[in-house]
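Structure record follows, encoded as structure tokens.
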Amino acid sequence: MCQITICSGESVRTVSARPGYLLGEALREQVPAFAMPCAGNHTCGKCKVKVEGAVSAPDGAELRLLSESERAAGIRLACACQIRGDITVTLYEEGASKIVSWYKTPAFERTEKGCGFAVDIGTTTVALQLIDRASGKILAERLAENAQRGYGADVISRIEACRAIGVSALSDRIANQLEEMAAQCLQEAGIPEAAESVVTGNATMLHIYEGLDPFSLAVVPFRVQSYFGCMSRRTLAGAPVYLPRCVGAYVGADILCAALAADLLGGGVQLLADIGTNGEMALAREGKLLCCSTAAGPAFEGAGLSCGMPAAPGAVRAVKLENGTVSYETVNRAPAKGLCGSGVLDALSVMLKTGAIDDSGYLEEDWPVGGSGLTVTQKDVRQIQLAKSAVCAGLLTLMEEESLPPSAVRRFVIAGGFGNTMNTDSAKEIGLFPAALREHTAFIGNGALGGACMLLMNCGLREKSEQIAREAVELSLSASARFMDCYVDCMSFMEF
Ligand code: FES
């Protein structure tokens with residue numbers, strides 16, 4: 001056995017681990033607060049620790065996600081580093097290891113002072129961070145299920161609920177939830193007040209937050225009551241709130257913020273996909289955005305599947321085929337309870353390789369996921385088939401609209417929680433996106449929150465972002481014959 005000395009602030013302790021064991025796994029067992037936001041998928045770069053002693057050499061993921069100076073200083077990604085002998089590990093940025101909402105942003109100037117909240121109201125999940133605007137330091141954060149979930153999982157059910165019981169019931173619910181989360185963060189950080197906040201979200205979530213009737217978003221011609229790009233009528237923790245601008249009814253302020261965080265207009269042809277219940281996409285070319293949104297459904301978030309669940313402890317997050325045997329991994333190595341989105345994608349890829357399903361998705365009998373006791377059913381396959389066709393067809397339609405082949409895309413950015421743990425090879429194999437994009441894929445985590453942080457720390461970016469949203473074009477896929485053709489073509493499980 002190897003001795004691992006773990007240093008965290010004042011505390012130092014030594015534990016044992018067998019040689020070859022992954023450092024991230026050892027830390028997860030020994031330090032409950034040690035977070036691996038992308039579940040060890042080598043995409044977030046947030047599991048940094050300082051290591052001295054006998055460990056494996058940095059692999060490709062570490063060369064990609066760590067700077068040269070970090071590597072020279074002994075910084076490693078815990079999820080990529082194997083223990084080979086006795087080592088000393090210093091938990092790097094102790095606070096950062098507890099942050100569960102991660103994102104990457106490009107370099108930008110921080111012009112504001114004081115503390116503020118950056119908030120992303122997702123249809124499923126709400127993320128809120130208290131940030132020191134001068135240093136960019138995250139002082140506290142909360143992540144919670146959207147308190148409106150009792151009114152349905154998707155935006156259409158929420159809009160129907162607003163019609164049935166009045167928008168103020170749902171509006172107050174989310175506003176109260178944000179107030180509670182903000183109060184907890186201020187208390188945790190010992191900060192008396194916030195200077196300002198930025199609250200982003202899709203158009204429906206922002207309408208409801210503002211108490212505007214969202215009904216017009218659900219009926220042709222899908223009009224917004226407000227594009228926002230203005231101060232809210234609400235305050236958060238007593239401070240004013242800025243709402244970023246939406247592009248249209250189904251391309252919200254969240255995708256605009258994600259485009260900022262992805263530096264999508266930074267040059268060349270770039271493509272962004274935020275894959276959640278709604279698949280929102282943007283193609284950047286010559287300083288302009290062409291955007292669309294498809295109803296992918298909640299299957300990628302584990303909902304609506306016979307054994308589906310969110311990427312919580314016990315969720316099967318990866319399925320592999322090794323020497324003819326199917327193996328699986330669960331979040332936190334807890335006993336298998338269900339399949340999350342990335343696990344389902346992997347499972348389908350393995351099912352294709354073993355011939356359990358054919359290109360059409362036909363499945364003769366329920367497919368057992370290794371020895372987990374879980375199965376994938378024909379209905380599950382169909383759910384994923386619909387979701388992946390919607391996403392892939394949306395991407396192809398954007399590119400075709402600009403007469404661009406997938407090979408013209410310089411960078412394909414995936415935002416959103418599902419992207420964190422997705423195995424891009426499996427995604428490509430089942431045809432979630434065109435195969436030519438695989439080599440250009442980059443992950444930015446919660447880009448909507450990242451963009452909100454940028455707008456919180458630099459007010460000058462707000463006007464620029466509003467201009468980008470004003471000039472962006474929203475493509476209506478429901479009226480697009482091209483989209484319908486692509487959608488039908490994308491139904492088969494094959495690489496495109
Ligand atoms: S957990 Fe290691 S890179 Fe995300």
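Laboratory data are not the source of any read-out in this text; all were calculated from the coordinates shown. Because the structure is a prediction, the values reported are computed rather than measured. Neighbour counts are summed over all protein chains in view; Cβ atoms, including those assigned to glycine, are modelled from backbone coordinates with ideal geometry.
Just a few scattered comments:
- A quarter of the convex hull surface defined by the alpha-carbon atoms of the range 206-271 gives 5.6 nm² as the mean projection.
- Mean projected area in nm² (Cα convex hull; one quarter of hull surface) for the range 114-259: 8.0
- ³J(HN,Hα) computed for each position of the range 297-307 - Karplus, 6.51 cos²θ - 1.76 cosθ + 1.60, integer Hz, glycine/proline x: x, x, 4, 5, 9, x, 7, x, 9, 4, 10
- Rg and Dmax [Cα atoms of the range 47-147; Å; Rg one decimal, Dmax integer]: 16.8, 47
- Binning all Cα-Cα separations of the range 2-97 at 5 Å, short to long from zero, yields these whole-percent fractions: 3, 15, 28, 29, 19, 6, 0.
- Taking the Kirkwood radius as Rh and the Cα radius of gyration as Rg, the chain has a ratio of Rg/Rh equal to 0.96.
- Between residue 5 and residue 67, the FRET efficiency estimated from the beta carbon spacing at R0 = 22 angstrom works out to 0.30.
- Over the range 187-315, equivalent-ellipsoid semi-axes from the Cα gyration tensor in Å: 25, 22, 19
- Average projection area in nm² (convex hull over Cα atoms of the range 32-77, one quarter of hull surface): 3.5
- Multiplying each eigenvalue of the alpha-carbon gyration tensor of the range 307-376 by 5 and taking the square root yields semi-axes of 20, 12, 10 Å, largest first, rounded to whole angstroms.
- Each Lys and Arg contributes +1 and each Asp and Glu -1, all at the Cβ; summed about the Cα centre of the chain, the dipole is approximately 580 debye.
- In the range 384-462, Rg over Rh equals 1.04, where Rg is the alpha-carbon radius of gyration and Rh the Kirkwood radius from pairwise Cα distances.
- Annotation note: trypsin sites (Lys or Arg not before Pro) in the range 404-491 located in DSSP loop regions with a Cβ neighbour count of at most 13 within 10 Å are 410.
- Secondary structure note: in the chain, about 70% of the DSSP beta bridges are antiparallel.
- Taking each of 288/464; 388/428; 104/337; 320/353; 46/320 in turn, the alpha-carbon distance tops 19 angstrom for 104/337; 46/320.
- Those GluC sites (Glu not before Pro) in the range 177-275 that DSSP places in a loop and that have at most 16 other beta carbons within 10 Å: 193
- Residues within the reach of a label modelled at residue 220 (point 7 angstrom out along Cα to beta-carbon, backbone nitrogen below 19 Å), restricted to the range 466-494, are 474-485.
- Separation of alpha-carbon centers, the range 1-49 and the range 331-384, rounded to whole Å: 30
- Pairwise FRET efficiency - residue 18 versus residue 470, Cβ, R0 = 60 Å, nearest 0.05: 0.55
- Fully extended contour minus Cα-Cα distance, from residue 184 to residue 286, at 0.36 nm per residue: 32.4 nm
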